[in-house]
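The values are calculated or read from the model by the stated rules, or taken from the named source; none is laboratory data. Here the structure is a predicted model, which means the values were calculated and not measured. Virtual Cβ from ideal backbone geometry, glycine too; neighbours counted across all protein chains shown.
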Amino acid sequence: MINVMQPTLGKEELDAIKSVFDSNWLGKGEIVANFEKMYAEHLGTSVNHVLSTNCCSEGLFSSMYLCGIQPGDEVIVPTLSFVGAGNAVCVNGAKLVLCDVDPRTLNARAEDIEKVITPKTKAILLLHFGGVPCDMDKIMPLAKAYGLKVIEDCAAGVCSKYRGHALGTDGDMAMWSFDAMKILVCGDGAMLHFKDPEMREKADKWLYFGLESKSGYENSVAQKWWEFDISSYGHRAIMNNITAAMAIEQLKKLPLFMEKREAVHNAYNDGLGDLNWLDIPLPLEEGSRSSFYFYHIQLKNGKRDELARYLREKGIYTTYRYFPLHRVPYYGVEGTFPNADYATDNTLCLPLHQSLKSSEMEQIIEEIRKFGKIYG
């Protein structure tokens, strides 16, 4: 089966993990600090704006506390979002308010967001779908006009850029995922970015039980280093040296990964762009860049499900991300979302990863074209 997503790992990652084993310090330590510094450089910022955590979902959940969202406050989320975003809002006691999206990019637009703003709205939790940037030049002034926090879910945007700068650095807070099916992988892990260094310091305590001072080896000041105090009922959601060592090696490989993923994207454009029964992704605005996490096509003939089954029978796995939150009964959100409904019923994500072979790309394109001759 040709996988829709797949990591690329090698000897370098194994050697890095072995060095951690040999050090006998597996928890959070110097290697985590090194990764945070390297990732800050990757974003074009300083280390006092970034902080690692154990997974991107933790970043979503923690964003509610860190951005001061209280029970009863409203948080706007695009209905085409990862379920973790919806859960993060609801478990905090806030009200999940969904907005529609652009039917082609699957990103929320400023006009979609403004339609659902009320006096109770306190934040926007954006998803940059597949690492393709939302139009932040319109969204940020809107947020400022209404006094709203902006949280950017950049889970798939590890190398994405908006107007020449790293995606995720416009809003108050952002997060990137390093789980097993992302581009940079380390088993699980994530990086957070904060516009305000003071929020970063607040997060540093929150993600380690709310401790005001570290205990044990890290507390070199106190006479009784086992004593401590807390400032919040924080979590324990830290990265460790094992995952950080793996992440460092993956970070070094990102330029090559991007080169290969862009080649796959372009091959699909060339191989499918002339088919009048489907739409390929829209080109990005000048100065913006995708991480090429998804390649999604949209069928105009209502045969998306048939194509997915046809390809699966041919050994090609496809999927659709993300199932809209307004269709999840448990959330109980009412409203009309015509663009998201169109996308949900007609969009298909094709295999895209840096290990995809040329022969596999050719097979995928050929089978889609064959399907079109039957159903197009």
Note on region 103-112: residues outside any helix (DSSP H, G or I) and hydrophobic (A, V, I, L, M, F, W, C) are Leu106, Ala108
So, Pro71, is that one over 19 Å from the mean Cα position of the chain (by Cα) and either modelled with pLDDT of 95 or more or within 17 Å of Met173 (Cα to Cα) (or both) or not?
yes
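So that you can scan it fast, the table gives a plain yes or no per residue for (1) assigned by TED's automatic domain parsing to the domain that holds Leu356; (2) at pLDDT 95 or above; (3) buried (at least 24 other Cβ atoms within 10 Å of the Cβ); (4) within 20 Å of Ile76 (Cα to Cα):
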position	(1), (2), (3), (4)
Asp112	no, yes, no, yes
Thr118	no, yes, no, yes
Thr121	no, yes, no, yes
His128	no, yes, yes, yes
Leu148	no, yes, no, yes
Gly157	no, yes, yes, no
Tyr162	no, yes, yes, no
Gly168	no, yes, yes, yes
Trp176	no, yes, yes, yes
Of the listed residues (Val132, Val97), the one being β-branched (Val, Ile, Thr) and in contact with a strand residue (DSSP E or B) (Cβ under 8 Å, 6 or more places away or on another chain) is Val97
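Residues are listed down the side, and each one gets a yes or a no for (1) crowded, with 21+ Cβ neighbours inside 10 Å; (2) over 21 Å from Ala145 (Cα atoms); (3) among the basic types (Lys, Arg):
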| residue | (1), (2), (3) |
| --- | --- |
| Lys18 | no, yes, yes |
| Gly29 | no, yes, no |
| Asn34 | no, yes, no |
| Asn92 | no, yes, no |
| Lys115 | no, no, yes |
Going through (1) assigned by TED's automatic domain parsing to the domain that holds Asp170; (2) closer than 21 Å to Gly168 by Cβ one by one, Ser213 fails only at (2)
Checked against (1) surrounded by 15 or more Cβ atoms within 10 Å (Cβ to Cβ); (2) in contact with a Leu (Cβ under 7 Å, 6 or more places away or on another chain); (3) over 27 Å from Ala166 (Cα atoms), Glu360 satisfies every condition except (2)
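Under 21 Å from the mean Cα position of the chain (by Cα), in the same structural domain as Met173 (by TED's automatic domain parsing), of a type in the set (Ser, Thr, Tyr) and buried (at least 23 other Cβ atoms within 10 Å of the Cβ): does that describe Thr79?
Details: under 21 Å from the mean Cα position of the chain (by Cα): yes; in the same structural domain as Met173 (by TED's automatic domain parsing): yes; of a type in the set (Ser, Thr, Tyr): yes; buried (at least 23 other Cβ atoms within 10 Å of the Cβ): yes.
In short, yes.
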Per the filter on region 321-375, residues in contact with an Asp or Glu (Cβ under 6 Å, 6 or more places away or on another chain) and part of a loop (DSSP other than H, G, I, E, B) are Phe337
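For region 113-148, which residues satisfy the criterion of being outside any loop (DSSP other than H, G, I, E, B), charged (D, E, K, R) and over 20 Å from Ala88 (Cβ atoms)?
As a first pass, look at region 113-148 and keep what is outside any loop (DSSP other than H, G, I, E, B): 113-114, 121-127, 129-131, 136-146.
Retained after the next criterion (residues that are charged (D, E, K, R)): 114, 122, 137-138, 144.
Passing the criteria: Glu114, Asp137, Lys138, Lys144.
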Within region 271-286, of all residues that are closer than 21 Å to Asn301 by Cα and free of Cβ contacts under 8 Å to residues at least 12 places away in the same chain, the one surrounded by the fewest Cβ atoms within 10 Å (Cβ to Cβ) is Asp274
